[in-house]
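What follows is a single structure, written as structure tokens, with notes after it.
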Amino acid sequence: MEVSFSQEIESLKLGAGQTFHGEGILAVTKALLQSGVSYVGGYQGAPVSHLLDVMVQARDYLDTLGVHVEACSNEASAAAMLGASLHYPLRGAVTWKSIVGTNVAADALSNLSSPGVMGGTLIVVGEDYGEGASVIQERTHAYALKSGMCLLDPRPDLPRLVEMVEQGFGLSEASNMPVLLELRIRACHVRGSFPTKDNRAPAISTRALMSDPARFDYMRLAHPPVTFRQEKLKVEQRIPAARRYIVEQGLNELMPGRHEELGLIVQGGVWPALQRAMQQLGLADGRGNAEIPVLVMNVAYPVVPEQVVGFCAGKRAVLLAEEGQPEYLEQEIALHLRRADVQTRLHGKDLLPSGGEYTVEVLARGLLAYADQHLPGAVSAEGRQWLADITRRREAAAAMLAEPLPARPPTFCVGCPERPVFSALKLAQQQVGDLHVAADIGCHAFGTFEPFSMGHSILGYGMSLASRAGVSPMMQRRTLAIMGDGGFWHNGLLTGVQSALFNGDDAVLLIFKNGYTSATGTQDLISTPAASDKASADDKGRSLAHTNRTIESALQGLGVQWMRTVHTYEVERMRQTLVEAFTSDFNGLKVVVAEGECQLERQRRLKPWVAGLLARGERVERVKYGVDEDVCNGDHACIRLSGCPTLGLKDNPDPLKVDPVATVLEGCVGCGLCGENAHAATLCPSFYRAEVVRNPRWGERLVDGVRRAVTSWLRAA
């Protein structure tokens with residue numbers, strides 16, 4: 001049972017005269033349909049996952065419009081979809097998580113940008129930058145610069161977001177350039193409303209097919225020698241056309257201010273934080289009316305020289321709030337000012353941090369320094385006190401702590417099928433010695449945190465096996481590469497497995513086969529079990545073990561000779577299999593497929609099923625684990641080997657013992673890992689397994705009554 005987006009799908013159907021209420025990313029999704037998009041593709045990833053998730057689940061509705069939707073295997077295949085707009089007047093949109101997704105898509109994007117597009121193309125990227133980011137800290141801006149793509153960075157107000165989607169297609173068609181629409185985390189999740197329009201059925205669609213292909217035109221290929229002419233077209237035609245469109249359509253916004261001798265320039269996505277910072281310092285009122293004029297750049301590339309020069313001319317100083325580094329905008333604007341011989345002083349990274357997210361506090365400190373230099377006395381006493389209080393509270397909190405708070409790293413979900421494998425790997429290394437572990441993108445990357453702390457590198461999604469290729473020949477002991485089934489299909493099959501087999505590498509590959517791309521939202525894969533198989537799975541998903549063997553078949557087809565499939569919760573068997581892989585006489589790639597259904601998906605399936613049984617008064621049995629406090633020796637080895645969030649500590653009930661005892665908290669899902677670990681590692685036998693029965697049968701009630709009577713009599717005796 002997957003996450004349902006039925007309510008979100010209904011909001012996509014809203015028409016003229018109605019009002020949309022919801023998140024920014026869903027507003028963008030609705031805007032695509034209002035813009036007459038013909039095809040949509042992409043690869044899920046925060047913060048833009050819902051765009052494609054909703055589109056995929058809305059296929060029945062989109063079929064009525066003739067819109068084609070495709071969930072792609074990676075970002076490169078999504079970017080390649082945009083090739084449909086090279087020859088045909090088709091509006092297309094793709095989406096992925098940036099910057100990592102844009103890195104994967106870079107080859108296709110370069111070969112798309114060189115010849116240019118005929119139909120409007122929009123690439124919606126989740127700019128995962130700043131405090132809440134989950135990836136490397138880089139910016140999409142570099143790709144716009146190097147490949148010649150327009151870059152929109154819209155002010156995160158829902159009506160403006162929707163307008164910029166529609167204008168993005170227009171900008172692409174006017175300039176023949178692909179358009180990147182970057183959405184920060186907060187822009188995707190900001191909530192608001194906007195008046196909707198009717199969805200536009202595209203002129204060319206799955207319901208209005210083209211009769212003939214386009215005529216062959218070598219000039220539309222990204223292939224020498226025409227690439228040299230295409231480079232000239234970028235500079236001489238496309239960028240000037242884009243700049244004209246930006247000015248004519250008013251895509252960038254000018255906010256007036258009383259002190260016209262000064263100015264602020266800000267990326268659209270940073271505008272709300274800047275506005276709030278100005279309000280806190282008394283430089284803007286509660287309605288957002290600023291004391292200093294502001295140029296909001298909803299288009300980060302290309303910069304319109306006449307626009308920035310016209311804004312800066314005659315001003316004493318301008319502060320540019322450009323989030324992230326390098327300072328692409330600052331360098332370009334400074335260049336245009338010097339070429340125009342405008343001597344306005346340009347501030348940027350000299351007053352604001354070079355990197356990191358521009359929060360309200362960060363921007364306020366930069367604004368204060370700017371105002372003190374060029375507008376003394378403008379900042380209110382309350383604003384200065386507000387900043388001083390933040391510093392004081394931070395210092396007071398630090399002084400109250402004897403030492404820094406302990407780190408609380410993320411961890412696997414309760415009952416996650418991947419945790420037992422790391423427990424088994426920890427035990428296996430006691431026999432074979434420490435291993436070089438090449439980690440990967442995915443839920444299994446939580447194994448890099450305590451209590452496992454395994455993983456020497458993460459170099460890209462599905463790249464683990466490839467990343468150990470330079471290490472293996474230099475190690476006395478075999479190396480281990482870990483990837484999930486999502487990473488396997490995303491990239492690992494070709495870059496890792498095929499390469500290792502071709503080169504005859506002697507290494508071990510551990511594939512977590514949980515049935516979904518869990519790290520991005522449990523989307524289905526080609527190796528996801530059929531719905532009928534999932535419906536019949538037992539309490540651990542064991543019946544899923546051999547229902548879909550696409551991964552095993554692909555490995556066998558490539559020529560993998562040593563392969564084992566082991567259920568993840570069988571810790572001792574997994575330990576033995578891993579030891580065998582590292583000590584086997586077989587010289588070549590050895591693959592261990594660790595199979596266990598994603599616990600999130602299991603719970604989504606089981607909870608409504610159990611609720612239905614209880615509502616009908618049927619018998620329901622739940623497995624529950626606990627710790628015998630009299631047996632627990634208090635060494636906590638079970639916790640160090642597992643790290644399960646529901647395995648905690650409590651005070652020892654024995655007054656003669658000071659060490660706390662282990663305890664199983666209420667959130668336990670009954671996966672049985674604690675008992676499996678105790679057996680595999682020969683720990684104290686303190687764990688017990690119990691079956692909690694609801695709506696028991698009459699015979700069970702009778703037996704329970706007898707047991708209670710006997711135990712009561714024994715206690716009295």
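The values are calculated or read from the model by the stated rules, or taken from the named source; none is laboratory data. Quantities reported herein were computed from a predicted structural model and do not represent experimental measurements. All Cβ positions, glycine included, derive from the backbone under ideal geometry; neighbour counts span all protein chains shown. Quick note on the areas: whole protein, heavy atoms, side chains included, nothing else; ligands and nucleic acids left out. Shrake-Rupley method; radii C 1.70, N 1.55, O 1.52, S 1.80 Å.
Name, by its number, the condition in (1) closer than 30 Å to GLY415 by Cβ; (2) assigned to a helix (DSSP H, G or I); (3) out of contact with any strand residue (DSSP E or B) (no Cβ under 6 Å at 6 or more places or on another chain) that does not hold for GLY675.
Going through (1) closer than 30 Å to GLY415 by Cβ; (2) assigned to a helix (DSSP H, G or I); (3) out of contact with any strand residue (DSSP E or B) (no Cβ under 6 Å at 6 or more places or on another chain) one by one, GLY675 breaks only (3).
Scan the stretch 686-712 residue by residue and report those that are open to solvent by 70 Å² or more (accessible area, probe 1.4 Å) and in contact with a Gly (Cβ under 9 Å, 6 or more places away or on another chain).
TYR688, ARG689
Can you pull out the residues in the stretch 110-124 that are part of a loop (DSSP other than H, G, I, E, B) and not small (Gly, Ala, Ser)? Outline the logic, then answer.
First pass over the stretch 110-124, keeping only residues part of a loop (DSSP other than H, G, I, E, B): 114-120.
PRO115, VAL117, MET118 - these are the residues of the stretch 110-124 that are part of a loop (DSSP other than H, G, I, E, B) and not small (Gly, Ala, Ser).
Looking for something of a type outside the set (Phe, Trp, Tyr), over 33 Å from the mean Cα position of the chain (by Cα), under 21 Å from LYS513 (Cβ atoms) and open to solvent by 30 Å² or more (accessible area, probe 1.4 Å) - is there at least one such residue anywhere in the stretch 560-568? Step through it out loud before you land on a result.
Start the filter on the stretch 560-568 by keeping residues that are of a type outside the set (Phe, Trp, Tyr), which leaves 560-561, 563-568.
Add one more test, that the residue is over 33 Å from the mean Cα position of the chain (by Cα), and what stays is 561.
Retained after the next criterion (residues that are under 21 Å from LYS513 (Cβ atoms)): 561.
Those left that are additionally open to solvent by 30 Å² or more (accessible area, probe 1.4 Å): 561.
Yes, the stretch 560-568 contains a residue that is of a type outside the set (Phe, Trp, Tyr), over 33 Å from the mean Cα position of the chain (by Cα), under 21 Å from LYS513 (Cβ atoms) and open to solvent by 30 Å² or more (accessible area, probe 1.4 Å).
Looking at this structure, is PHE228 among the aromatic types (Phe, Trp, Tyr) and farther than 25 Å from TYR301 by Cβ?
Details: among the aromatic types (Phe, Trp, Tyr): yes; farther than 25 Å from TYR301 by Cβ: no.
Criteria not met by PHE228.
Hey, ALA519 hits all of (1) of a type outside the set (Lys, Arg); (2) at pLDDT 90 or above; (3) part of a helix (DSSP H, G or I) but one; which does it fall short on?
Unmet for ALA519, out of (1) of a type outside the set (Lys, Arg); (2) at pLDDT 90 or above; (3) part of a helix (DSSP H, G or I): (2).
Being over 30 Å from CYS671 (Cβ atoms), among the acidic types (Asp, Glu) and open to solvent by less than 40 Å² (accessible area, probe 1.4 Å) is true for just one of GLU395, GLU357. Which residue is that? Break it down into steps so the answer makes sense when it comes.
Working: GLU395 fails: open to solvent by less than 40 Å² (accessible area, probe 1.4 Å).
Answer to the check: GLU357.
Name the residue, out of ALA481, ALA466, ALA438, that is at pLDDT 95 or above, within 28 Å of the chain's Cα centre (by Cα), more than 25 Å from GLY132 (Cβ to Cβ) and open to solvent by 10 Å² or more (accessible area, probe 1.4 Å). Full working, then the answer.
On the way: ALA481 fails: open to solvent by 10 Å² or more (accessible area, probe 1.4 Å); ALA438 fails: open to solvent by 10 Å² or more (accessible area, probe 1.4 Å).
It is ALA466.
Please state which one of THR663, THR682 is closer than 30 Å to LEU509 by Cα, outside any helix (DSSP H, G or I) and open to solvent by 20 Å² or more (accessible area, probe 1.4 Å).
THR682
Here's a check for you: in the stretch 414-468, which residue that is part of a loop (DSSP other than H, G, I, E, B) and of a type in the set (D, E, K, R) is nearest to GLY484 (Cα to Cα)? Can you show your working first?
Within the stretch 414-468, the first condition is being part of a loop (DSSP other than H, G, I, E, B), and the residues that meet it are 414-418, 433-436, 439-442, 449-456, 458-463, 468.
If we keep only those that are of a type in the set (D, E, K, R) too, we end up with 418, 434, 440, 450, 468.
On the way: GLU418: 10, ASP434: 22, ASP440: 8, GLU450: 20, ARG468: 16 Å.
Across the stretch 414-468, the extreme among qualifying residues is ASP440.
Before we move on, is GLN476 of a type in the set (S, T, N, Q) and in contact (Cβ under 8 Å) with a residue 60 or more places away in the chain?
Values: of a type in the set (S, T, N, Q): yes; in contact (Cβ under 8 Å) with a residue 60 or more places away in the chain: no.
Against the criterion (of a type in the set (S, T, N, Q) and in contact (Cβ under 8 Å) with a residue 60 or more places away in the chain), GLN476 does not qualify.
Pick from the stretch 642-660 the residues that are outside any strand (DSSP E or B), under 22 Å from LEU600 (Cα atoms) and not polar (S, T, N, Q): which of them is most open to solvent (accessible area, probe 1.4 Å)? Let's see the steps before the verdict.
Kept after step one, since they are outside any strand (DSSP E or B), are these residues of the stretch 642-660: 642-646, 651-660.
Keeping just the survivors that are under 22 Å from LEU600 (Cα atoms) gives 642-646.
Subset that is not polar (S, T, N, Q): 643-645.
Values: GLY643: 21, CYS644: 22, PRO645: 63 Å².
Among those residues, the one meeting the criterion is PRO645.
Farther than 20 Å from VAL125 by Cβ and among the hydrophobic types (A, V, I, L, M, F, W, C) - does that describe any residue in the stretch 79-92?
Taking every residue of the stretch 79-92 in turn, at least one turns out to be farther than 20 Å from VAL125 by Cβ and among the hydrophobic types (A, V, I, L, M, F, W, C).
State which residue is surrounded by the fewest Cβ atoms within 10 Å (Cβ to Cβ) when the search covers only the stretch 153-178 and only residues that are within 22 Å of the chain's Cα centre (by Cα) and over 15 Å from ALA31 (Cα atoms).
The residue in question is ARG155.
Among the residues of the stretch 86-98, is any of a type in the set (S, T, N, Q), crowded, with 24+ Cβ neighbours inside 10 Å, modelled with pLDDT of 95 or more and within 22 Å of the chain's Cα centre (by Cα)?
The initial filter retains those residues of the stretch 86-98 that are of a type in the set (S, T, N, Q), namely 95, 98.
The next check asks that each one be crowded, with 24+ Cβ neighbours inside 10 Å; those that pass are 95, 98.
Now restrict to residues that are modelled with pLDDT of 95 or more: 95.
Within this subset, residues satisfying the condition of being within 22 Å of the chain's Cα centre (by Cα) are 95.
Within the stretch 86-98, one or more residues are of a type in the set (S, T, N, Q), crowded, with 24+ Cβ neighbours inside 10 Å, modelled with pLDDT of 95 or more and within 22 Å of the chain's Cα centre (by Cα).
In the stretch 621-637, what residues are surrounded by 16 or more Cβ atoms within 10 Å (Cβ to Cβ), touching a residue at least 60 places away in the same chain (Cβ under 8 Å) and of a type outside the set (Phe, Trp, Tyr)?
Hit for the stretch 621-637 is VAL627, nothing else.
Write out, first by first residue and then by second, each pair whose Cβ atoms fall under 9 Å of each other, whose residues are 6+ apart or on separate chains, and whose first residue, in the stretch 597-620, is closer than 27 Å to VAL421 by Cβ while the second is surrounded by fewer than 16 Cβ atoms within 10 Å (Cβ to Cβ) and among the acidic types (Asp, Glu).
Note: pairs meeting the criteria are ARG602/ASP539; LEU606/ASP539.
Output the residues belonging to the stretch 58-95 that are out of contact with any helix residue (DSSP H, G or I) (no Cβ under 6 Å at 6 or more places or on another chain), among the acidic types (Asp, Glu) and touching a residue at least 24 places away in the same chain (Cβ under 8 Å).
ASP63, GLU70
If you check ASP198 against the conditions, is it within 23 Å of LEU26 (Cβ to Cβ), open to solvent by 60 Å² or more (accessible area, probe 1.4 Å) and charged (D, E, K, R)? Walk me through it before giving the result.
Values: within 23 Å of LEU26 (Cβ to Cβ): yes; open to solvent by 60 Å² or more (accessible area, probe 1.4 Å): yes; charged (D, E, K, R): yes.
Judged against the criteria, ASP198 is a match.
Could you count how many residues in the stretch 267-301 are of a type outside the set (S, T, N, Q), more than 18 Å from HIS347 (Cβ to Cβ) and part of a loop (DSSP other than H, G, I, E, B)?
Quick first cut of the stretch 267-301, residues of a type outside the set (S, T, N, Q) only: 268-274, 276-278, 281-288, 290-297, 299-301.
Narrowing further to those that are more than 18 Å from HIS347 (Cβ to Cβ): 268-269, 272, 276, 282, 284-288, 299-301.
Then drop every residue that is not part of a loop (DSSP other than H, G, I, E, B), which leaves 282, 285-288.
Number satisfying all stated conditions: 5.
Looking only at strands (runs of 3 or more DSSP E) that fall completely inside the stretch 543-636, which ones have 1 or more residues that are in contact with a His (Cβ under 7 Å, 6 or more places away or on another chain)?
Details: elements: 562-567, 590-595, 620-627.
Qualifying strands (runs of 3 or more DSSP E): 590-595.
Can you go through ALA222, ALA208 and tell me which one is out of contact with any Asp or Glu (no Cβ under 9 Å at 6 or more places or on another chain) and within 21 Å of SER38 (Cα to Cα)? Quick ask: steps written out before the conclusion?
Numbers: ALA222 fails: within 21 Å of SER38 (Cα to Cα).
From the options ALA222, ALA208, the qualifying one is ALA208.
Quick check: anything in the stretch 323-332 under 29 Å from the mean Cα position of the chain (by Cα), open to solvent by less than 10 Å² (accessible area, probe 1.4 Å) and touching a residue at least 60 places away in the same chain (Cβ under 8 Å)?
Scanning the stretch 323-332, I find at least one residue that is under 29 Å from the mean Cα position of the chain (by Cα), open to solvent by less than 10 Å² (accessible area, probe 1.4 Å) and touching a residue at least 60 places away in the same chain (Cβ under 8 Å), so the answer is yes.
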